1. Treat each spin label as a single point 7 Å out from the Cα along the C-beta direction, and report the B:Glu207 to B:Ala177 distance in nm.
2. Tell me the relative contact order for chain A as a rounded percent, counting alpha carbon contacts under 8 Å between residues six or more apart.
3. With only Lys, Arg, Asp and Glu charged, each at its Cβ (+1 for the first two, -1 for the last two), find how big the charge dipole of segment B:5-192 is about the Cα centre; round to the nearest 20 debye.
4. Taking 7 Å along the Cα-to-C-beta vector as the label spot, tell me the A:Ala38-B:Asp73 distance in nanometres, rounded to one decimal.
5. Net charge within 14 Å of A:Glu78 by Cβ-Cβ distance, Lys/Arg positive one each and Asp/Glu negative one each, not counting A:Glu78 itself?
6. How large, in Å, is segment B:215-271 by the Kirkwood hydrodynamic radius built from its alpha-carbon pairs?
7. Would you mind calculating the gained length between A:Arg316 and A:Glu182 on full extension (0.36 nm times residue separation, minus the Cα-Cα distance), in nm to one decimal?
8. Restricting the count to DSSP beta bridges whose residues both fall in the protein assembly as shown, what percent are antiparallel, rounded to a multiple of 5?
Amino acid sequence: MIGNQFSVILLPTNKCNVACEYCFEEKTADFMSHEQLAVVTEKLLDHMEGNAIRGLTLYWQGGEVMLLTPEWFERAEEIIGRAAERRGKVVEHSLQTNMIGYSPKWNGVIAGMFGNSVGTSMDYPNLYRKAKNRAPEHYTAMWTRNVREAREAGIQVGVISIPNKETVRLGAESFYSYFVDELGITDFQVNTSFSGGEINDAKKESILEMDGLAGFFADLTRIWVERGYEKGVKLGPIDQLMSHFRGEGACLPCIWRPNCTDEFVSIDARGHVAQCDCWVTSYPDYWFGNIFDDVSFTELMQKSKARQKFQARPERLMKDESCVGCDYLSICHGGCPVRTYSITGDFFVKDPYCQVYKAMFSTMEEMAARMAAGRSRRSLPVLRAHGSLLLGS
Amino acid sequence: MNLIVYNIPVELVEAFRGQKVIVRSHDPSELLRALPNGALADLVAVQLLRLDSDAEALSSWGHGVPVELVMADPAAEFAKLYRHAKLLDKHPMRVSLPVVPGFAKAVRVAVALQFAVKLEPGQPDPGVIGEMSEVLSFFLHNPSVGQPVEYFHSLLMAMLHGAPLTLWEIQEEDPAAMRYVLADGTQVVPRPPFGTVVTGELGNFVEIFGEGLLAERGECAGCEYFGHCGGYFKWPRRDFSCDGVKAVFREVRGAAEELRGDLAAFDQVTGETPT
């Protein structure tokens, strides 16, 4: 937030073209106009100037962004680009879409604005993603067809996947094989579920039993090390944990950062500002304010009581939870507030996926150490721990 | 040319214009007023003396100026370090903290946030030596440690390379190089609790103090660690018993020997020195 880079998850529409059962978003029919986008842009640039921030990354998502047109995005890029250039700022764009509305007419804007890359989502097996009144299989078929078509057009497709009860039952080997061997995806990320918004049966059952999920992630970690690591398959966040435990630069996901208020915010199509897309679409009580109100973005952020709660969370966790004694504090910091709140109803407790995270951390730590040991005849604990710190001085 | 760095209260910025300074304050906004962007040439670092102050003001000021968070009560304040995590985007950050019961929690949080740490052991109570050993072990063996924990880090390096470095230098407490300036302008040894009166010339203080200790033929005279200690733990009370701190020295020396052997083994295997 106050560094040289500022990130905004921008929802230009709250409308969606599918009806996934476990979706946390409260859908509305709102779209952001170009005039509104210009206001948002200027306010963000004011904020960046006031806080000496050079770069902005806009993560475009919805709702479903492909309910807008490629022409809308081309005009949006022009508006933002010109405003940023006037202020000497750099803006980058990233796109997250369900790919259901994809067609080749998007290829130009994906190449020009989004670096020929998109992010999308799919689960294995797909239990909850579906179009209105259609079965999940129908959704999977549409998604698979469109993803293949995009990849054939040279577009890099990254996939986010959320394990469900069947994923765990089938096991990590099946999961990995589906994405990498069957679909040919070499860049994907596995997230844990959260039951934001109005509760229903799908959301209830999407919160898995932690022992089983921990085992799944530990197995997936081992499978990726054995089959994907050397081949350059990106599997977030596991690949970043490998980098971390090998003492290389790692970009860990937002759920494990010291405080997500320092990293990004989200703005929806109505101008509501909240911590991330989960909060802005699920929990109105946690909105920071509205960017279209007669107040600067900086002031909105500074005065928000909701944001102050987020800022205070890690401090409360250190005092009240066991995190400070955890060997993995530096790569977790108590975990994700929205997962915590949606599952426990409490904001100031540690992430209920703690056990799952620890299983991933310890498995990867062990595997990274084993790989390091294989490279050198022997390695003392002090050197293995942080040789670069000692030797680089 | 005067190479001494002066640790001054923010009120004395004007009086020390042209000198190398570390400026301390309880209030970040005071620092901003006294040290506007563009007038930072002689500024070595700033110290924030209160952790509940609003440090966000420093986020758009003095990009690259080192900031030290000075903890008075680490056992109570450790969680407040999170308020300052975002300053790392703009400033090298260090936390200094007294070695008192409960300080290990503050070290753990500081390390987790990628802050460098400076321990201020003073003349540590025997009851806290166990916690010092625990923190030393954490520093030596935990892979999450990505920043130095002083004085352990520099002592380990000095022992590893046989460098003639003493704790007075490592801790930036040798008045030959660093002075702490009280609010009335008095210059004292830069070591808490500040204000202990020293007779004679401050610039020779460490040398004369060390010679005095050796001449007394007391505990320092036969001490195998004197070369790296320089009598650091005998000040201000000369009757301080060093049994506890010697155990810590021993652990650091053991790690240095282990590391030296490991590096030699690495050399043999690869024919090169690791970088």
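1. Going from the B:Glu207 label point to the B:Ala177 one covers 1.5 nm.
2. Computed over chain A, the figure is 17 percent.
3. Dipole of segment B:5-192, to the nearest 20 debye: 360 debye.
4. 5.6
5. Working: positive: A:Arg75, A:Arg82, A:Arg86; negative: A:Glu35, A:Glu71, A:Glu74, A:Glu77, A:Glu85.
So the environment of A:Glu78 carries a net charge of -2.
6. By the Kirkwood definition, the hydrodynamic radius is 13.3 Å.
7. Numbers: separation 134, 0.36 × 134 = 48.24 nm, distance 4.50 nm.
Length difference between fully extended and current span is 43.7 nm.
8. Counting only bridges with both partners in the protein assembly as shown, antiparallel ones make up about 10 percent.
The values are calculated or read from the model by the stated rules, or taken from the named source; none is laboratory data. Keep in mind that what you see is a predicted model, and the values were worked out from it rather than measured. Counting neighbours? That spans all protein chains shown, and the Cβs are built from the backbone with ideal geometry, glycine included. Accessible surface is based on the protein model in full, side chains and every heavy atom, while ligands, DNA and RNA are left aside. Shrake-Rupley method; radii C 1.70, N 1.55, O 1.52, S 1.80 Å.
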